[in-house]
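Here the structure comes first, spelled out in C-alpha cells, and everything after it is commentary.
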Amino acid sequence: MTATAAFVLGTRPEIIKLAPVITACDRRGVPTHVIHTGQHYSESLDEVFFEQLDLDPPDVNLGVGSGSHGRQTGEMLIGIEEQLLSVEPDVLFVQGDTNSTLAGAIAGSKLDVEVAHVEAGLRSFDREMPEERNRVLVDHAAEHLHAPTEETATRLCHEGLPDDRITVTGNTVVDAVRLSDERAAATSTVLSEFGLTAGEFGLLTAHRAENVDGRDRFADVLRGVAAAAEELGIEVVYPVHPRAADRLAEFDLAVPEAITTVEPLDFFDFLRLESTAALVFTDSGGVQEETCILGTPCVTLRYGTERPETAFVGANCVAGCRPREIRAGARRMYGKAGDWDSPFGDGDAAERILDCVGLDGEPAGPDRRERTVEPGE
C-alpha cells in the first residue's frame, strides 16, 4: 500500500517552506493530505500563495484564527487529531516554530504518527520568544529532525537528541526561492505599481510581538529605519502585517514620511521587492534567509537570531532596535555586494527529506543521510 504524507501548516512562511516537500510528494506519486489550521486567516492572500506555488488548495481549513496561545493551540490540536484519525497518514510534516507547528507535533506524537520537523534545530536562546519554546518542544517530540545546516544539527545533538533522528538536508526555502524568483521577475509588476527603481529603495518588515506590542519599541524601530533611509537617500516600503497595523492604530503611532506603508503582499510581489531592494530591514527569520539566498543585504531589528549563518557569511547584520543601532547597521550593510555563499544548501532539500523518511519506497536509515553528527561534536 502506498504511504501517505500529511502536512500541517497555518502561516504563509509554512506554506512557502512546505510547498517544495508537497510538490516532491506529487512527483513521486505519494498521496498527501494538507491541513491548514487557519492561523493566518486572510483567505485571499492564502489562496494566492497556494496558486503561485502551484499547490492544490488545502484538503481542510480548520479556521482557528487568532486567540490566546492556549486557546489557539488547543483548538488546532482538536482539529488536527480528528484529521489524523480519519486519514491515518504514515508521516506528518510540520515546519518551523508556530503554534500550528506545535499543535501538529503534539497531535501526531500522541497518535504514534511519525512526526517530521522541517527546519529543526534553530535556536535564538531567548526563551521569552514563544517561537523558541515551540521549536524546542517540537524537536523533542519529532522522530525525524531535518536540520537545515551543520550547526543546527550539532545543536540538536548537544540537547541529547538521538543521532539517528537527525538529518542535514539544507533548507527548503532555497528550493522555493530558486523556483519562484524568475517567475516573480517575469510576472510581478510591483515595482512599477509602487513607482520604485531596482536598487534604489529599502524594504521593511516588522511584526514580532517584542517589536510592535510596545509603543516605545515600535516607535524606535520606525524612527531608526526612517533615519537610516534619510541618511542613505532611499525610500522604504513597509508591507504592514495585520498585527502591526492593529498596534499602529492602537498606539496612534505616526509612520515617518521616509517609510511608505502598503498592504501585505503575495509571495511573488514580496520576493520581487526582496530581490531588488538596496537594503532590507526585518525582524523575520524567514526574510533573513531569503535575502541571504537572493544576495540582498539585510539589517535585523533584533538583538539575536536563530539564523546566525546569515551573519557569519556577511549577508546580515544583527543590529538591534534603537535608532542609532539601526542607522549603524544600515551604514554597515548598504552597498554590500551580495556575493556571499548561501549556507542553506543547494535547492534539493525536499528530495533529501523524502528520502530520509522513506517516502520514495526505499527504507530510511543512516546510510541515506547526508551527514552523521557525533554526540559531543
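Rounded to the nearest 10 degrees, the inclination of helix 99-110 to the longest alpha-carbon principal axis of the chain is 10 degrees. Each peptide among 79-89, 14-24, 190-200, 316-326 gets the average number of other Cβ atoms lying within 10 Å of its residues, and from highest to lowest they stand as 14-24, 316-326, 79-89, 190-200. With K and R counted +1 and D and E -1, the other residues having a Cβ less than 10 Å from that of Pro13 yield a net charge of -3. Near Cys317, the amide H atoms lying under 5 Å from its own belong to Cys298, Val299, Thr300; only residues 5 or more places off or on other chains count, and H is placed 1.01 Å from N. Compared with the direct C-alpha span, the chain from Phe194 to Lys110 gains 25.4 nm at full extension, assuming 0.36 nm per residue.
Scan around Val237 for amide H atoms under 5 Å from its own, H built in the peptide plane at 1.01 Å from N, and keep only partners 5 or more places away or cross-chain. Distant-sequence amide H within range of Val237: Gly202, Leu203, Leu204, Thr260.
Taking Cβ atoms as reference points and 11 Å as the exclusive limit, the residues near Asp220 contribute a net charge of +3, counting Lys and Arg as +1 and Asp and Glu as -1. Packing order of peptides 248-256, 260-268, highest average first: 260-268, 248-256 (average count of other Cβ atoms within 10 Å over each peptide's residues).
The HN-Hα couplings worked out from phi for segment 145-158 by the Karplus form 6.51 cos²θ - 1.76 cosθ + 1.60 (θ = phi - 60°) are 10, 9, 7, x, 9, 4, 5, 5, 5, 5, 4, 4, 5, 5 Hz, whole numbers, x standing for Gly and Pro.
Across segment 265-352, C-alpha contacts under 8 Å between residues 6 or more apart give a mean separation that, scaled by the residue count, equals a relative contact order of 26 percent. Which whole-number percentage describes the relative contact order of segment 180-333, with Cα contacts under 8 Å and a sequence gap of 6 or more? Dividing the mean separation by the residue count of segment 180-333 yields 27 percent.
Judged by the mean number of other Cβ atoms found within 10 Å, the most tightly packed of the peptides 94-106, 118-130 leads the ranking 94-106, 118-130.
Fully extending the segment from Asp346 to Arg133 would add 73.8 nm, taking 0.36 nm per residue of separation and subtracting the current Cα-Cα distance. Were the residues from Ala249 through Leu179 laid out at 0.36 nm apart, the gain over their Cα-Cα distance would be 21.5 nm.
Here, each number is a calculation from the coordinates, and none is a lab measurement. Everything quoted here is computed from the prediction, not taken from an experiment. Every residue, glycine among them, receives a Cβ derived from its backbone with ideal geometry; neighbour counts consider all protein chains shown.
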